[in-house]
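The values are calculated or read from the model by the stated rules, or taken from the named source; none is laboratory data. Just so you know, these numbers come straight off a predicted model, no measurement behind them. Using ideal geometry, Cβ is built from the backbone for each residue, glycine included, and neighbour counts are taken over all protein chains shown.
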Amino acid sequence: MIVIDQEQRIFTLHTSHTTYQMQADPYHVLLHAYYGPRVEEDMTYLIRRADRSHTPNPDEAGNRRDYSLDTLPQEYSTCGVGDYRIPSLEVEQADGSHAVDLRYTGYEVRKGKYTLEGLPAFWGQEAETLILFLEDPASHVVAELYYGVFEDVDLITRAVRIVNRGEKPVRLLKAASLCLDLPYAAPLDIITFAGRHMMERCPTRTPLAPGIQGVGTTRGLSSHQNNPFVMLCRPDAGEEHGLCYGAMLLYSGSFEAMAERSQLEDCRLVMGINPYHFSWTLEPGGAFQTPEAAMVCSPSGFGQMSRRFHRAIREHLLRDPYEGRRRPVLVNNWEATTFDFDADKLVEIAQAAAPMGIELLVMDDGWFGDRDDDYRALGDWAVNLRKLPGGLEALVPRIQELGMRFGIWVEPEMISEDSALYRQHPDWALAIPGRAHTRGRSQLVLDFSRQDVRDHIYGALKAVLSSAEITYVKWDANRTLATVWSAQLPSERQGEVYHRYVLGVYDMLERLHQDFPQMLIEGCAGGGGRFDAGMLYYTPQIWCSDNTDAVDRLRIQYGTSFAYPVSAMGAHVSAVPNAGTLRTTPLETRGVVAMAGTFGYEMDLSKTTPEERELMARQVRFFKEHYDLIQRGDYYRLTDPFENGPFTAWEHVSPDRREALASVVTGPVCGNPPFRTLYLRGLDPALRYRVEGGAAYSGAALMEGGYPLPMELLMGDYQSFQLYLKAE
Ligand code: GLA
């Protein structure tokens with residue numbers, strides 16, 4: 001609900017459980033008053049002024065020294081006019097000055113959620129939109145602040161459109177999507193999700209110290225190394241209690257999220273496109289649209305924050321062709337064969353998979369051009385007829401005869417120097433004239449800021465995807481950007497290339513979505529190198545990590561779950577010893593861990609024993625039976641795998657709380673182990689839950705007293721256990 005006090009110029013955004021409030025003050029400066037648990041009152045009493053020497057005062061304040069942009073909570077911070085904290089907007093004016101001052105000029109309320117052309121955004125007819133107009137009186141640069149209010153899921157989205165209403169061109173050097181000043185802040189911790197290839201999104205918690213702390217990337221992809229999701233929380237906050245905020249950017253390129261604890265111990269969080277090598281020229285009348293950011297506040301700990309994001313993403317972000325239905329359980333041939341396969345090998349895997357209830361065969365890298373290793377052929381998107389005689393037209397029906405569907409891997413953004421495409425169009429790769437290439441996995445990146453390059457690649461992909469009944473695409477990107485320069489832009493506009501590249505990727509994905517609305521697209525970037533809410537708008541599931549080791553996955557999936565739902569996390573059972581870690585874990589455990597994601601297999605099923613196949617068939621049956629509970633239920637993290645405790649556990653609870661599934665994986669075995677107890681969460685204390693094939697307990701007993709873990713489970717490394725509960 002949006003409430004506007006016209007006289008006091010107070011703007012209040014209410015979701016069911018949170019409130020966000022701003023005020024345009026007598027000098028028309030838009031101040032932030034409050035973001036937190038829902039309150040019904042005027043919170044502007046929190047905005048305080050005092051004479052702080054050595055902070056400048058704007059002209060209108062005359063000799064009044066208690067009014068300074070540097071000490072007041074700003075809704076969208078400026079630069080060059082007296083606020084020295086992190087700017088949200090940096091503008092180089094036509095005269096070369098770096099200054100922009102923003103004053104409130106008006107507002108607009110719209111029914112439904114705003115949309116952003118060419119950019120991912122949360123959607124919803126029931127949501128509401130508030131737009132606040134701010135203008136720099138000297139240059140007439142306008143900032144339109146967009147707010148989307150999703151009452152049902154307690155989500156507030158933000159985006160900013162910068163318009164040059166002046167008469168001279170200006171250059172944007174920074175345009176953040178979100179600025180959040182928490183003036184009343186008690187001490188806060190910042191939680192970020194750093195990692196690396198094969199070990200993505202590991203939470204790190206640090207107290208906010210005076211100065212600026214933050215994360216970001218200049219890699220051109222949202223990256224394995226940092227994630228465009230950050231949290232702020234009170235030092236006493238934890239999984240089940242305490243005030244916390246989460247902010248995510250719907251952006252898949254270079255981003256930055258910076259938090260500043262200022263001289264007065266306030267906190268400012270600014271999040272948006274990374275200003276590194278970013279500039280955007282706005283001619284008179286020109287506009288720039290920032291990506292969207294989304295915020296959740298939870299007074300009751302991280303778990304509640306995550307569940308709010310999960311619901312918001314499931315119900316208002318994903319465009320899932322399987323909406324309301326079950327997505328297929330798949331088998332992917334990558335870890336089984338890498339590049340060494342042919343049609344018969346794929347059919348052999350499918351023949352083993354079909355009787356287990358697996359529904360989709362995904363043909364991974366190696367099916368096109370002369371791609372027998374990862375040194376060549378990217379860009380040559382035509383079927384290799386030596387490996388697949390008769391092409392997809394011949395192969396796909398063979399898979400379909402087994403009752404399975406067919407999916408395919410592509411890496412459209414890349415080009416190998418050893419490819420027909422490169423020989424024909426060497427200028428299509430991102431490269432700086434006169435400077436040597438920088439290779440990653442021996443490949444170059446195509447200049448997706450260019451329409452002609454995109455059109456060519458899209459045409460080739462569309463021909464492949466239309467040549468047979470293909471129901472799934474895995475969209476991969478196996479290197480990051482460097483030597484960024486586009487042959488199609490003049491030198492003064494090279495600062496646009498990084499962002500135009502991301503817009504190009506979105507354009508391609510949107511075309512795919514429009515042309516093949518029933519196609520399930522899975523995102524991927526060397527595993528989880530582009531796992532962000534922007535991609536989720538186009539690819540409702542993303543391969544979580546190239547690391548399929550079940551024990552490492554406990555950590556990766558735990559970290560990922562802070563922002564993103566189970567239904568977004570690509571997770572597969574693979575062979576042991578694991579290719580990446582050489583660790584051996586039981587097949588049961590690999591199944592339990594992969595089931596906390598989209599679930600599938602990634603191994604040569606034709607080489608498995610009858611006992612293993614029998615177990616896998618049971619895993620598939622179990623997953624299908626509990627699909628809704630796992631994929632659409634409320635998610636509870638019961639332990640933190642980074643604490644190296646005796647076991648890791650998580651739980652899915654149905655929205656009506658009548659069903660729950662808890663999963664447990666133990667750590668390395670120890671002699672004479674103590675008894676272990678699993679404390680369930682999210683149940684109805686008054687209901688009685690029956691353990692499948694066992695006794696019944698009240699929700700209160702299971703949550704307060706807990707459930708005793710069976711002793712057998714504590715014998716052997718990395719054992720697993722699932723507890724299915726149903727209310728009587
Ligand atoms: C990346 C992906 C893998 C696989 C390979 C193929 O590493 O993350 O799943 O598709 O590329 O080259």
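Scanning the range 507-525 for residues that are of a type in the set (D, E, K, R) and away from the ligand (no atom under 16 Å from the Cβ) yields D507, E510, R511, D515.
Answer yes if at least one residue in the range 339-361 is under 28 Å from the mean Cα position of the chain (by Cα), β-branched (V, I, T) and within 16 Å of the ligand (Cβ to nearest atom), and no otherwise. First the steps, then the outcome.
Narrowing the range 339-361 to residues under 28 Å from the mean Cα position of the chain (by Cα): 358-361.
From what's left, β-branched (V, I, T): 358.
Keeping just the survivors that are within 16 Å of the ligand (Cβ to nearest atom) gives none.
Within the range 339-361, not a single residue is under 28 Å from the mean Cα position of the chain (by Cα), β-branched (V, I, T) and within 16 Å of the ligand (Cβ to nearest atom).
Where helices (runs of 4 or more DSSP H) fall wholly inside the range 255-372, the ranges with 2 or more residues that are surrounded by fewer than 22 Cβ atoms within 10 Å (Cβ to Cβ) and of a type in the set (D, E, K, R) are 301-316, 343-353.
Tell me the residue from A468, A463 that is of a type outside the set (V, I, T), over 30 Å from G580 (Cβ atoms), assigned to a loop (DSSP other than H, G, I, E, B) and in contact with a Phe, Trp or Tyr (Cβ under 9 Å, 6 or more places away or on another chain), please. Break it down stepwise before answering.
Numbers: A463 fails: assigned to a loop (DSSP other than H, G, I, E, B).
The conditions single out A468.
Exactly one residue out of A431, A420 is touching a Phe, Trp or Tyr at 6+ places or on another chain (Cβ under 8 Å) and more than 16 Å from the ligand (Cβ to nearest atom): that is A431.
Out of the residues in the range 520-575 that are of a type in the set (F, W, Y) and either in contact with a helix residue (DSSP H, G or I) (Cβ under 8 Å, 6 or more places away or on another chain) or farther than 27 Å from S442 by Cα (or both), which is surrounded by the most Cβ atoms within 10 Å (Cβ to Cβ)?
Quick first cut of the range 520-575, residues of a type in the set (F, W, Y) only: 531, 537-538, 543, 558, 562, 564.
Among the residues that remain, those that are also either in contact with a helix residue (DSSP H, G or I) (Cβ under 8 Å, 6 or more places away or on another chain) or farther than 27 Å from S442 by Cα (or both) are: 531, 537-538, 558, 562, 564.
Details: F531: 35, Y537: 24, Y538: 20, Y558: 20, F562: 23, Y564: 25.
Only one residue tops the list, namely F531.
Any chance the range 430-437 includes a residue that's in contact with a His (Cβ under 8 Å, 6 or more places away or on another chain) and not β-branched (V, I, T)?
Taking the range 430-437 first, the residues in contact with a His (Cβ under 8 Å, 6 or more places away or on another chain) are 431.
Then drop every residue that is not not β-branched (V, I, T), which leaves 431.
Yes, some residue in the range 430-437 is in contact with a His (Cβ under 8 Å, 6 or more places away or on another chain) and not β-branched (V, I, T).
Would you confirm whether or not the range 395-415 contains a residue that is within 29 Å of A350 (Cβ to Cβ), touching a Phe, Trp or Tyr at 6+ places or on another chain (Cβ under 6 Å) and basic (K, R)? Scanning the range 395-415, I find no residue that is within 29 Å of A350 (Cβ to Cβ), touching a Phe, Trp or Tyr at 6+ places or on another chain (Cβ under 6 Å) and basic (K, R), so the answer is no.
Annotation: of all residues in the range 238-254 being in contact with a helix residue (DSSP H, G or I) (Cβ under 7 Å, 6 or more places away or on another chain) and small (G, A, S), the one that is surrounded by the fewest Cβ atoms within 10 Å (Cβ to Cβ) is G238.
Among helices (runs of 4 or more DSSP H) entirely within the range 521-611, having at least 3 residues that are touching a Cys at 6+ places or on another chain (Cβ under 8 Å) singles out 550-560. Looking across the range 127-184, the residues that are of a type in the set (G, A, S), part of a strand (DSSP E or B) and touching a Gly at 6+ places or on another chain (Cβ under 6 Å) come down to A176, S177.
Just the residues that are of a type in the set (G, A, S) and at pLDDT 95 or above, please, taken from the range 167-197. If the condition is that a residue be of a type in the set (G, A, S) and at pLDDT 95 or above, then A175, A176, S177, A194, G195 are the ones that fit. Summed over the range 73-107, residues that are assigned to a loop (DSSP other than H, G, I, E, B), out of contact with any Pro (no Cβ under 8 Å at 6 or more places or on another chain) and crowded, with 19+ Cβ neighbours inside 10 Å total 9.
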